[in-house]
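Here the structure is laid out as structure tokens; the discussion comes afterwards.
The values are calculated or read from the model by the stated rules, or taken from the named source; none is laboratory data. Since this is a predicted model, take the numbers as computed values, not measurements. Cβ sites come from the backbone with ideal geometry, for glycine too, and all protein chains shown count toward neighbours. Heads up: the accessible areas ignore ligands, DNA and RNA and are worked out on the full protein's heavy atoms, side chains in. Shrake-Rupley method; radii C 1.70, N 1.55, O 1.52, S 1.80 Å.
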Amino acid sequence: CTAQVVWSGGINFTHNVASGDPFDTSVLLWTRAEPVSPAGSTALPDQSVPVCVSYKIFSNPELSGSPVDSGSAFSSYDVDFTLKVEATGLEPDTKYWFQFADCTNPNSVSPIGATRTFADPNSKYQGVRVIYNESDV
């Protein structure tokens, strides 16, 4: 029997997606990626086996073209399979759309979320701060 390094049986994005802590060039993206049993099985990962989740953030709701930022991260049992990543290199005062996926099966994706960065702190709007979160698109 070989030890599994990353769960590859599938994941379910059970709590949708969210974003928060926006800055002018970055924002935090969040999801929960719970392992699911492969079809015809009841197997779930050992508590020590993480899930791998990738993310992509785009400047359009179709998620077409090259992503503005992308990456991957691991989550595990000890944090209830929740995941928080920072999307960086974003433009100030701009709306973005993002999606998570299972690293081992890129066709298994989360719902699409939307977010917005703050205005540049040196802009004429620097005194205005609005928290914006649109996770259900």
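Miscellaneous remarks
- Residues of the range 8-19 satisfying the condition of being open to solvent by 20 Å² or more (accessible area, probe 1.4 Å) and not in a loop (DSSP other than H, G, I, E, B): ASN12, ALA18
- Applying the criterion of being part of a loop (DSSP other than H, G, I, E, B) and among the acidic types (Asp, Glu) to the residues of the range 55-102, the residue that is most open to solvent (accessible area, probe 1.4 Å) is GLU62.
- Count - residues of the range 20-54 that are of a type outside the set (S, T, N, Q), closer than 13 Å to THR94 by Cβ and in a loop (DSSP other than H, G, I, E, B): 3
- Looking only at the range 49-88, residues that are of a type in the set (Lys, Arg) and modelled with pLDDT under 95 come to 0 in all.
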